[in-house]
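Novice: If you scroll down you'll find the structure; I have some questions about it.
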Amino acid sequence: MPQAVKRASLAQGALPGLLGYRLRLAQQAVFRDFAASVQGLSPGRVGLLILIDANPGITQSRLAEAVARDRSTMVGLIDLLERRGLVERRRGDDRRTNGLWLTRSGRRLLARALRRIAAHERRIASRLSAAERRRLLRLLGKISG
């Protein structure tokens, strides 16, 4: 019978006091739970669907600006969402731009995802009081700008 290997605990040095390190650990925990909860959609893609739903007709350029992505990167993301039947492009009023809308399938998928995200949010915040959760959101907002 193989002997279980004990993992030696490492001295952490300066790591516990570094915001970036703590944020990265928290992000990894959140993303693991998100991936288990909302299969088939990354947090970034869900974010795009949420923004398009909240801003029907938004242009790709404006969406790219809102999520701090390069416009050329945004084209590929929207192409992917369009191929999946979640988003459609429609010619804008000035005929030089296309607006983005969720399709019926996109709205249904987003509604299901949001229900799963609500449960995910409750799980990841379960160790925080409501006041701590509000304070953490406020503090993260200060860091992210």
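The values are calculated or read from the model by the stated rules, or taken from the named source; none is laboratory data. Given the structure is predicted, the values throughout are model-derived calculations rather than measurements. Note: ideal-geometry Cβ built from the backbone for every residue, glycine included; neighbour counts use all protein chains shown.
Novice: Considering each of Ser61, Ser37 in turn, give the residue that is touching a His at 6+ places or on another chain (Cβ under 7 Å), on the phi < 0 side of the Ramachandran plot and either modelled with pLDDT under 95 or crowded, with 17+ Cβ neighbours inside 10 Å (or both). First the steps, then the outcome.
Specialist: Numbers: Ser61 fails: touching a His at 6+ places or on another chain (Cβ under 7 Å).
Criteria check complete, one pass: Ser37.
Novice: I'd like to know if the range 4-25 contains one or more residues that are surrounded by 10 or more Cβ atoms within 10 Å (Cβ to Cβ), under 12 Å from the mean Cα position of the chain (by Cα) and not in a loop (DSSP other than H, G, I, E, B).
Specialist: no
Novice: So, one more: Of the conditions (1) under 18 Å from the mean Cα position of the chain (by Cα); (2) closer than 14 Å to Gly47 by Cβ; (3) not small (Gly, Ala, Ser), Arg107 fails just one. Which one is it?
Specialist: (2)
Novice: While we're looking at this one, here's another question. So, Leu41, is that one in a loop (DSSP other than H, G, I, E, B) and within 17 Å of the chain's Cα centre (by Cα) or not? Don't jump to the end; show me each part of the working.
Specialist: Working: in a loop (DSSP other than H, G, I, E, B): yes; within 17 Å of the chain's Cα centre (by Cα): yes.
Yes.
Novice: Is it the case, given these coordinates, that Arg32 is more than 30 Å from Gly99 (Cβ to Cβ) and surrounded by 10 or more Cβ atoms within 10 Å (Cβ to Cβ)?
Specialist: Working: more than 30 Å from Gly99 (Cβ to Cβ): yes; surrounded by 10 or more Cβ atoms within 10 Å (Cβ to Cβ): yes.
Against the criterion (more than 30 Å from Gly99 (Cβ to Cβ) and surrounded by 10 or more Cβ atoms within 10 Å (Cβ to Cβ)), Arg32 qualifies.
Novice: Can you find a residue that is more than 17 Å from the chain's Cα centre (by Cα) and under 16 Å from Thr97 (Cα atoms) anywhere in the range 63-74?
Specialist: yes
Novice: Here is a follow-up. Could you tell me whether Arg107 is basic (Lys, Arg) and without any contact (Cβ under 8 Å) to a residue 12 or more places away in the chain?
Specialist: So Arg107 does not fit the description; no.
Novice: Restricting the search to the range 17-56, which residues are of a type in the set (Phe, Trp, Tyr) and either under 13 Å from Val87 (Cα atoms) or free of Cβ contacts under 8 Å to residues at least 40 places away in the same chain (or both)?
Specialist: To start, the set of residues in the range 17-56 that are of a type in the set (Phe, Trp, Tyr) comprises 21, 31, 34.
Selection gives Tyr21, Phe31.
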